[in-house]
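Everything below concerns the one structure shown next.
Bear in mind these aren't lab numbers, they're just calculated from the coordinates by the rules spelled out. On a predicted model such as this, the values are computed, not experimentally measured, just so you know. Note: ideal-geometry Cβ built from the backbone for every residue, glycine included; neighbour counts use all protein chains shown.
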Amino acid sequence: MKCTLCSAETEPFYYYEKEARQYHRCPNCRAVLMDEEDYPTPEEEIHRYESHDNDVEDPRYQNFVSPLVELITKHFEPTDLGLDFGSGTGPVITKMLEDQGYELNVYDPFFDNHPEVLDLKYDYIVSCEVIEHFHNPYEEFEQLRNMLKPNGALFLKTDPYSEDLDFHAWYYKSDETHVFFYHPKTFEWIKEEFGFSSLQQDGRHISLFL
């Protein structure tokens, strides 16, 4: 199988016997990815996403996304236009920023499927717990990059993979909708490939700036 991000030939990595899923590792961009034959169907994805308890008024949910909100308010003004990409069933980032006077559009292929917002240009795009679901990460990162204005930024949250993790015991791989796992080196590859000028990685929070 070729890597769905960088197109390099992958190598077998792990067989998840409980769910009969095969994973591969890319020696080039260092990502770990699910075999395409094991991807969930759209119906399975929707069922999984609808099981999430994403109440925008829940303080725990707000606390979970607050580092992303703080990154946006640090770098951008309320007059700048943002996009909450993959906003899910409860667009809490949008709600928290709008409470501070910010303006955002929301997009989600299952719950806010309004493709016209993808034709606009944005000062910043935020995507929380979304990129691990990308079936075609190269195309999807290319799309995100092309929607940014000059000096724009992409703010991401995911749980990166590293070699010191016990993949067998790693909770993140147990979600059947998580098909692509990013190594810190993967984000360096994305930075160079898509022409970002700088990259900041702080645990689960990744910022890419033009």
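Each Lys and Arg adds +1 at its Cβ and each Asp and Glu adds -1 at its Cβ; summed about the Cα centre, the chain shows a dipole of about 740 debye. In this Cβ point-charge picture (+1 for Lys and Arg, -1 for Asp and Glu), segment 151-210 has a dipole of about 220 debye about its Cα centre. Screening the chain for whole DSSP H helices of 20 Å or more along their axis (Cα) with average Kyte-Doolittle hydropathy at least 1.0 returns none.
Mean residue ellipticity, 222 nm, helices only, the chain: the sum of -39500 (n - 2.57) across DSSP H runs of n ≥ 4, divided by residue count and rounded to 500, is -7500 deg cm²/dmol. Fraction of C-alpha pairs exceeding 28 angstrom in the chain: 26 percent, rounded to a whole number. Checking the cross-link pairs 18/191; 121/191; 95/185; 121/157 against a 30 Å limit on the alpha carbon distance flags 18/191; 95/185 as lying beyond it. For the chain, 128 stand unpaired, since no other cysteine beta carbon lies under 4.7 Å from theirs.
Residue 149: net charge of surrounding residues, Cβ under 15 Å, Lys/Arg +1, Asp/Glu -1, itself excluded? Display every interim value, and only then the final one.
Working: positive: 121, 145; negative: 77, 80, 103, 119, 123.
Once all neighbours under 15 Å are counted, the net charge is -3.
The phi torsions of segment 129-136, fed into the Karplus equation with coefficients 6.51, -1.76 and 1.60 and a -60° offset, translate into couplings of 6, 10, 5, 6, 8, 5, 7, 10 Hz, rounded to whole numbers, with Gly and Pro shown as x.
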